[in-house]
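To start, the structure under review is shown below, and the notes come after it.
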Amino acid sequence: MESNDELLVSDDNSSDDTMGILKEYSDTRIIVFKNNFNSVNKNFEFLISKAKADFIFLSDQDDLWMNNKIKICKINLVFNTLVLSDAKVIFNKKLL
């Protein structure tokens with residue numbers, strides 16, 4: 001993350017160790033909100049309303065990003081008003 005970036009996390013009563021993992025980073029740019037929406041859409045809407053940055057990247061709890069995703073998207077956002085990135089399935093439960 002760059003010095004002016006922020007990472008907003010909306011923890012919707014997760015049963016994993018999300019809070020413990022985030023505390024390990026001890027980074028003031030990580031802002032955590034605890035809520036009880038129980039809705040993916042409401043979680044995203046809430047976080048978008050809290051974001052202050054010029055660029056917003058959304059991610060689900062199971063997303064893994066390529067190392068250069070943000071850099072490539074920001075370069076393309078200079079020339080476009082919206083940039084979408086593709087996905088690569090690396091694990092599919094249906095294949096088991």
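Residues in region 40-52 that are more than 17 Å from residue 63 (Cα to Cα) and free of Cβ contacts under 8 Å to residues at least 24 places away in the same chain: 4 in all. Considering region 30-54, the residues that are part of a helix (DSSP H, G or I) and either surrounded by fewer than 14 Cβ atoms within 10 Å (Cβ to Cβ) or in contact with a helix residue (DSSP H, G or I) (Cβ under 7 Å, 6 or more places away or on another chain) (or both) include one that is modelled with the lowest pLDDT, namely 40. Restricting attention to region 9-22, the residues that are touching a strand residue (DSSP E or B) at 6+ places or on another chain (Cβ under 9 Å) and on the phi < 0 side of the Ramachandran plot add up to 7. Taking the conditions (1) surrounded by 11 or more Cβ atoms within 10 Å (Cβ to Cβ); (2) closer than 21 Å to residue 4 by Cα in turn, residue 19 satisfies each one other than (2).
Among the criteria (1) assigned to a loop (DSSP other than H, G, I, E, B); (2) under 23 Å from residue 2 (Cβ atoms), the one residue 88 does not fulfil is (2). The set of residues in region 7-25 that are among the β-branched types (Val, Ile, Thr) and under 14 Å from residue 60 (Cβ atoms) comprises 9, 18.
Quick one: in region 55-96, of everything that is aromatic (Phe, Trp, Tyr) and farther than 21 Å from residue 43 by Cβ, which residue is modelled with the highest pLDDT? Quick ask: steps written out before the conclusion?
At the first step, the residues of region 55-96 found to be aromatic (Phe, Trp, Tyr) are 55, 57, 65, 79, 91.
The next check asks that each one be farther than 21 Å from residue 43 by Cβ; those that pass are 79, 91.
Working: 79: 92, 91: 72.
My answer is 79.
Of the residues making up region 61-72, none is in a loop (DSSP other than H, G, I, E, B), over 15 Å from the mean Cα position of the chain (by Cα) and of a type in the set (D, E, K, R).
The values are calculated or read from the model by the stated rules, or taken from the named source; none is laboratory data. Just so we're clear, the structure is a prediction, and the values are computed from it rather than from any experiment. Please note: Cβ atoms are built from the backbone with ideal geometry, for glycine as well, and neighbour counts cover all protein chains shown.
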